[in-house]
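**Q** Please read through the structure below; I'll follow up with questions.
The values are calculated or read from the model by the stated rules, or taken from the named source; none is laboratory data. Keep in mind the model is a prediction, meaning the values are calculated, not measured. Cβ placement follows ideal geometry from the backbone for every residue including glycine, while neighbour counts extend to all protein chains displayed.
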Amino acid sequence: MPRRISDELREKIRKLQEEGLSDSQIAKMLNLPYSTVYYQRPEVRERRREYMREYRQRPEVRERMREYRQRPEVKERAQKYYQRPEVRERRREYMREYRQRPEVRQRYWLERYQEVFPKMTADLNEFINLTPNSPYTILAGILRVLEKSKFGLKHYQIFRLLEKSEYNGKLWKRENILWELNRLREMGLISYNNRRYALTDKGRELIKELYEI
């Protein structure tokens, strides 16, 4: 098993490998175990990551990991570790980057739409009477309405529709509606031209996929 090394040492090993030195030569030169040098090669690291991803998905491994995490001493160590300021900051930074990945954003919306989308109709009056009116119900309904709309919807039509809907007992504000619509535009699910919102090809593909769930 390769031991942990500093970023500076890792860069030095990679530079020597790129210069054509063998892993044995580098290990002797830097007084390191052969395995530590070998595992710094990108192709080796990628194969190891792929193996570990497959390994962790095995039912027996997942069960062992679940049992291990339930131990009191393990929970206590994990709690102390995740309270460290530098760890909390790394997690926040990772989650910010993670949520911006296109595939994650797409999956995030799919999971929330798939429950409410089949209930939608193309009739606006029926749509606004759905309960409960969560943000995802409202946005899924907009997609459903846009699907049936030949020329798209103007701003005032969407506002008029959502002003009649309540979420958690509060009327939606226009800036909230615009923010959610902009998010759909960023994902490429809807377009905004000539003051009209309309479905894009990507949005139609998403609706088709939701119908099949």
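**Q** Which one is surrounded by the most Cβ atoms within 10 Å (Cβ to Cβ), of the residues in region 23-41 that are in a helix (DSSP H, G or I) and either in contact (Cβ under 8 Å) with a residue 24 or more places away in the chain or within 24 Å of the chain's Cα centre (by Cα) (or both)?
**A** Selected residue: Val37.
**Q** Taking interchain pairs and intrachain pairs at least six residues apart, which have beta carbon atoms under 9 angstrom, with the first residue in region 42-59 and among the charged types (D, E, K, R) and the second part of a helix (DSSP H, G or I) and surrounded by 10 or more Cβ atoms within 10 Å (Cβ to Cβ)?
**A** Cβ pairs passing all conditions: Arg56/Arg62; Arg56/Met65.
**Q** Would you list the helices (runs of 4 or more DSSP H) that sit entirely within region 136-213 and hold 2 or more residues that are at pLDDT 70 or above and either under 22 Å from Gln100 (Cα atoms) or in contact with a Pro (Cβ under 6 Å, 6 or more places away or on another chain) (or both)?
**A** 174-186, 201-211
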